[in-house]
Structure formats: structure tokens, C-alpha cells
Amino acid sequence: MNQVDPYLIPALDGVAYGLLLFVVAAGLVLSFGVAGILNLAHGTLYAIGAYVAAILSDGSWLALLLALAVGVGAATAGGAALSGMLAPVPRGDHLTQALLTFGVALAGGSLLVMAFGAENLPVRVPATVDRPVDLAGHAYAGYRLVFIAVAAALALALHAVVTRTRAGMLVRAAVDDPDMVACLGVNPERVRLGVLAASGALAGAAGVLGAPIIGPGPSTAATVLLLSLVVVVLGGRNGHSSVVATLVAALAVGQIQTLGVALAPTAAPFLLFAAMAAVLAARSHGLIRRWSPA
Amino acid sequence: MRWLIAPAVLAAVAAPWLADPYTTATLARILVLGLVAASVALLTGVAGLPTLGQTAPFAAGAYAAATLALHSSSVGVTQLLMGASVGAAFAALTTPLVVYARGVVFLMITLAIGELVVTAASRWRSVTGGTDGLAGMPSPRPLWGLPILDTDRARYLYALAVVGVVLCVVVLLLRGPAGMYLRGCRDDEARMRASGHPVGAYLAIAYIAAGAIAGLAGSLLVTTQQYLSPADFGFDVAALLLLGVVIGGAGSVVGAIAGTAVVLAARDWLSGLLPGRGPLLLGALFIAAAYVLPRLRFMLRRVVA
């Protein structure tokens with residue numbers, strides 16, 4: 001066999017991992033870009049979805065659909081509740097927002113451990129895809145292929161919503177000029193509520209679907225938050241292309257976490273760092289200055 | 001509040017004779033974290049750059065000083081210099097990542113840097129000992145020819161002296177033009193630029209200086225705790241420091257130490273109150289602080305005025 005062959009499986013894993021990170025990070029970009037809120041409880045919303053998947057899944061498609069409905073519902077409600085809690089905090093007060101969302105993450109993580117125990121829970125995937133698939137001579141987990149297809153469809157749908165619908169137009173307008181959007185008669189409170197609820201829905205969906213990849217456990221929230229933060233930093237916020245930029249960044253982080261570790265195991269801890277440094281250094285001063293100054 | 005400083009210093013010096021060795025060691029740890037909080041206050045309050053990443057140079061300085069202590073020098077001053085220079089070098093290396101960011105973007109990038117450092121510390125086993133941590137660092141002597149700091153009381157007093165000196169230097173510097181430039185950048189960056197000030201260079205210098213302070217605190221951590229693990233530099237530590245700084249009044253470097261002491265005492269008290277429920281109560285404390293503090297500060301201002 002040729003030299004590429006041993007790296008095919010890690011590369012494919014990287015695509016699955018990257019698409020998972022994209023769905024989570026898209027939620028973070030939304031709350032960060034539109035509402036200006038760094039939501040430190042975002043990983044906790046993912047963990048809620050993952051726990052729901054672990055509890056409800058019994059190996060049937062119906063159970064997965066049910067878990068998806070419950071998980072997305074719970075995480076959406078969580079995002080909306082967060083928006084309510086953030087309502088008394090002034091928009092520009094990043095420190096108080098960070099303290100508040102961190103408190104929610106800490107208390108929420110502790111409640112999840114109290115409810116589901118301190119062990120990593122196993123997650124069952126639907127029986128029809130719970131078997132290896134033959135892929136160019138390699139056995140590959142069937143569920144991951146399904147996940148790649150579903151997450152890719154989700155990414156396309158998200159792109160379509162942001163670029164083609166009225167809600168997406170509102171989101172882009174709020175990123176560009178929130179004050180003008182408010183002047184045009186759109187209530188900023190409702191924008192924040194909608195954005196945080198949608199961001200929670202994305203995290204919840206990622207949690208339910210991605211539970212077999214990044215499973216529910218005490219450290220899930222922190223891992224997911226860190227990786228999606230790196231994706232957001234790498235993806236930047238180039239106006240209208242932010243969905244595409246986030247997708248590219250997420251796929252890159254996915255490859256670094258799987259293919260990079262397979263290629264250079266000793267350098268693994270520093271690869272994410274190096275990637276962040278390289279991208280931020282390569283990006284010109286002007287581009288970064290377009291990031292929100294407030 | 002100024003009249004409080006003299007009694008506070010007196011109490012801090014007298015504390016190791018009044019408390020048992022365990023409490024003394026805890027107080028020393030609070031002093032060390034307080035110094036890191038002072039570097040957070042320098043960036044967050046004075047320069048207007050909210051940070052969750054000062055645990056990164058703190059960790060870099062601590063591991064550098066621990067390596068030095070384990071393999072060659074047991075002199076405190078060299079360890080402090082090692083920690084400070086490695087912390088400053090770490091900050092200098094990460095400056096390009098942060099210097100153009102402001103506000104919530106700065107918060108996000110520094111958080112990513114801090115988390116990546118913790119991840120690296122738990123995986124780079126040959127230097128950091130991984131999640132098992134590093135132990136067995138010998139107690140240093142403060143200077144060549146002085147006796148070894150072999151009691152908790154001696155190590156506490158050493159930490160107190162170092163923290164005192166560093167704080168005095170920082171406060172004096174901030175009273176001069178350096179402090180005015182940084183506050184200017186915080187309050188009206190456009191105006192500073194228009195007046196011809198190199199704002200980016202000022203903020204980069206502040207970031208590197210804060211890195212040096214945090215790295216120096218890292219080497220003090222090696223002395224006072226004699227044990228290092230990645231958990232000492234986690235995200236929750238960064239958040240506790242930020243809460244301490246906010247409680248202390250973000251612009252005050254001395255207040256940051258007091259705020260950190262309050263937060264750490266509250267954390268230990270809460271986890272003793274309901275064993276196993278510490279994180280839940282601490283989370284509630286953060287949420288409560290987010291609501292109460294702005295109001296409290298407003299009321300204080302009304303009372304003072």
C-alpha cells in the first residue's frame with residue numbers, strides 16, 4: 001500500500017471531529033459576534049446534550065430522534081435562561097458577563113456530575129450503523145460516516161440561513177452595527193434572547209449527535225469550550241464569510257487534533273498553539289483591527 | 001481606604017506567630033495568588049485589557065523555577081529571576097497574538113492561551129511531570145550565605161517580603177507617567193493615538209511586565225508550596241483571580257490582593273461548609289457577585305461622596 005494509507009483513518013476522524021467543532025463553535029460565534037457575549041457556559045450546554053444522548057439512547061433511531069428533540073430543547077432553554085440572567089448586565093461589561101457565565105458553567109457542571117455521576121457515560125448509537133464499514137480496505141465506524149453527512153448538511157443549512165433568510169440578515173446587520181439595528185426598531189433584548197437560544201440549540205444538537213465522539217463526562221464542558229474557542233479565534237470574523245471561515249478553522253483544528261497527533265505525537269501538545277500563532281501572525285494588522293473594538 | 005494599609009501590613013507580618021503551620025502555608029499560597037491577581041489587575045484595571053490568561057506565564061515561571069530548583073540552584077533570588085524572565089519571555093512570545101485585540105476578544109484569546117498552556121503542562125511529562133505533578137523541590141535560601149527557609153513561617157515571611165517589594169515597585173511606577181499612559185490607553189485610545197503615543201507598544205510593555213510579575217509569582221509558588229501540578233494553573237484559578245480583581249476594584253493593584261484573599265477564603269469556607277458541593281456553591285458565589293458587585297460599588301460611591 002502507499003504512504004498515505006495509514007493516515008486515511010485519522011484524516012477522516014479529523015473531518016468528523018472538525019464538523020462537530022464547527023457546530024459547537026458556530027453557536028459560540030453567534031453569541032459572541034451578535035450579542036458581544038463570551039459565553040463560558042457554552043461547553044456546559046454541549047454537555048447537557050451529550051448527557052441526554054447517553055441517557056435516552058438505546059440503539060434505535062427513534063431514541064436518537066427523541067434524544068435530539070429533548071437535548072436541543074433543553075440546551076435552547078438553557079441558552080434562553082442565560083439570556084434572561086444576562087439581561088441586567090450592561091452590554092459592554094465583559095468582566096461581569098464572564099463572571100456570570102463562568103458561575104453558571106461551574107454550578108451547571110457540578111449539577112450535571114451530581115445528577116449523572118463522575119464517570120464518563122457510554123453512548124449507544126443506532127444498531128444499523130453500529131458496525132464497521134469497509135472503506136478502501138479499512139474498517140471505519142459507520143456512525144461517524146453518518147455523523148459527517150448530517151453535520152455537513154447542518155453546516156450547509158446554517159450557511160443558507162445566515163446568507164438567505166430574514167433572520168440571517170438581522171444577524172449580519174447586528175454584527176455590523178448593533179446600534180443602527182436598534183434604531184431601526186428591532187429590540188436588542190429580543191435579538192440577544194434569540195441569538196443565545198439559537199446558540200444553545202446548536203450546542204445541544206452538537207452534544208446529542210457528537211456524544212459518541214466527545215462523550216459526556218466531568219471534563220467534557222471544558223474540552224469543548226477550549227476547542228471551540230480556538231476555532232473562533234482562528235476563524236476570526238470576516239463579515240459575511242464568517243460561516244465559511246469558522247468551518248475552515250474547525251476542519252483545521254479537527255485535523256490537528258487527529259492527523260497531527262498521528263504524524264507528530266511528541267509535538268502534539270503544542271500543535272494547536274503553533275497553529276493559532278501562525279494564523280494570527282500571518283493575518284495582517286488591518287484584518288484583526290476589524291474585530292469588534294468594544 | 002488608605003488607613004487600612006498599615007494595620008493590614010502589621011497583621012500580615014504577625015500572622016505566622018498567631019496561626020498554626022497549616023494556616024501559615026495557606027496564607028503563603030494566598031499571597032502568591034494575590035501577586036498573580038496584581039498582574040491581572042495591572043492588565044484588566046489599569047490598561048483596560050480584561051484577561052483570563054495570566055495563569056499561563058504563572059505556569060511558565062513556576063515550571064522554569066522548579067526545574068532550576070531541582071537541578072541546580074537553591075538560591076531564592078536566582079529562582080525569582082528565572083521565573084520572572086521566563087514569564088516575561090512567554091508574554092513576549094504571545095504578544096503578537098493579543099496586542100491588537102481589545103475587550104472581549106482579548107478575554108477570549110487569553111483564555112485560549114491559558115487553557116493551551118494547562119493542556120501542554122499536563123502532557124509534557126518530561127518537564128512538568130504531567131498530571132502527577134512535580135514534587136521534591138528543596139527549600140531555597142533567600143540569598144547566598146543566608147540560612148535555608150526550612151519552616152512554613154520562614155517561607156511565608158520570604159513570600160511576604162518578595163510580594164511587598166514587587167507591589168511597592170509596581171505602585172510607584174503606576175503613580176508616574178507609565179500609569180498615566182496606560183490609563184490613557186484604557187480610557188481613550190483614539191485620543192492617545194492622535195497625540196502621537198505608540199499605544200500598541202505601551203500595551204505590549206504592560207503585557208510583558210504583567211507576564212514577568214506572574215512568572216515571578218510562579219517561582220514563589222514553588223518555594224511556598226513545594227509541589228506543582230497543572231491543576232494549580234487551571235481555568236478555575238484564572239476565573240477566581242478575575243473575581244478577586246473585580247472585588248478589589250479593578251483599577252487597584254493592592255485591592256487585587258485583598259480581593260483574592262477574600263475569594264480564596266470564601267472558597268475554602270464554602271467547600272468546608274458542604275463537602276463535595278464546593279464547585280456548586282462557588283458557582284453560585286460567582287453569579288451572586290456578578291449581580292451584587294456593581295450595585296455595591298455604586299452604593300459605596302454614594303456613601304463616600
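What part of the accessible area of chain B, given as a whole %, is carbon or sulfur when the probe is 1.4 angstrom? Don't skip to the end; give the middle numbers.
Details: 9340 of 13250 Å².
Solvent-exposed carbon and sulfur of chain B make up 71 percent of the total.
Counting each pair of different Cα atoms once, what's the Kirkwood radius of the stretch A:1-141 in Å, rounded to one decimal? After inverting the mean inverse Cα-Cα distance, the result is 17.6 Å. The mean number of Cβ atoms from other chains found within 10 Å of a Cβ in peptide B:285-297 is 5, as a whole number. If you sort B:Met137, A:Met169 by accessible surface, 1.4 Å probe, largest first, the order is A:Met169, B:Met137. Computed from the alpha carbon atoms alone, the convex hull of the stretch A:129-269 holds 144 Å³ per residue.
Helix A:61-86 and the longest principal axis of the C-alpha atoms of chain A enclose an angle of approximately 30°.
Projecting label points 7 angstrom from Cα along Cα→Cβ for A:Arg164 and B:Val13 puts them 7.5 nm apart. Solvent-accessible area assigned to carbon and sulfur over chain A amounts to 69 percent, based on a 1.4 Å probe. Here, the stretch B:197-299 yields an orientationally averaged convex hull projection of 8.7 nm² when only Cα atoms define the hull. Its alpha carbons give the stretch A:142-192 an Rg and a Dmax of 15.5, 51 Å. The three principal axes of the Cα atoms in chain B give end-to-end lengths of 53, 41, 38 Å, sorted in falling order. With the gyration tensor restricted to C-alpha atoms of the stretch B:107-262, the semi-axes of the equivalent ellipsoid amount to 32, 21, 15 Å, longest first. Taking the convex hull of the alpha carbon positions in the protein assembly as shown and averaging its projected area over all directions gives 29.4 nm².
Nearest 500 deg cm²/dmol is fine: what mean residue ellipticity at 222 nm does the protein assembly as shown get from its DSSP H runs of n ≥ 4 alone, each adding -39,500 (n - 2.57), divided by its residue count?
Working: 25 runs with 434 residues, N = 599.
Calculated at 222 nm, the ellipticity per residue is -24500 deg cm²/dmol.
The alpha-carbon atoms of the stretch A:5-289, seen along their principal axes, cover 59, 44, 35 angstrom, with the largest extent given first. Taking Cα centroids, how far is the stretch A:106-122 from the stretch A:165-231 in Å? A separation of 23 Å, based on Cα centres.
Accessible surface calculations at 1.4 Å, restricted to protein heavy atoms, place the protein assembly as shown at 43 Å² per residue. Taken residue by residue and averaged, Cβ atoms of other chains lying within 10 Å of the Cβ of B:90-96 number 1. When the P(r) is computed for the stretch B:29-82, the part past 17 Å accounts for 46% of the Cα-Cα pairs. Against chain A, whose longest principal axis comes from its Cα atoms, helix A:94-116 is set at around 40 degrees.
The values are calculated or read from the model by the stated rules, or taken from the named source; none is laboratory data. All values reported here derive from a predicted model rather than from experimental measurement. Every residue, glycine as well, gets a Cβ built from its backbone with ideal geometry; the counts of neighbours run over all protein chains shown. When the accessible area is computed, the model is the full protein with side chains, heavy atoms only, and any ligands, DNA or RNA have been set aside. Shrake-Rupley method; radii C 1.70, N 1.55, O 1.52, S 1.80 Å.
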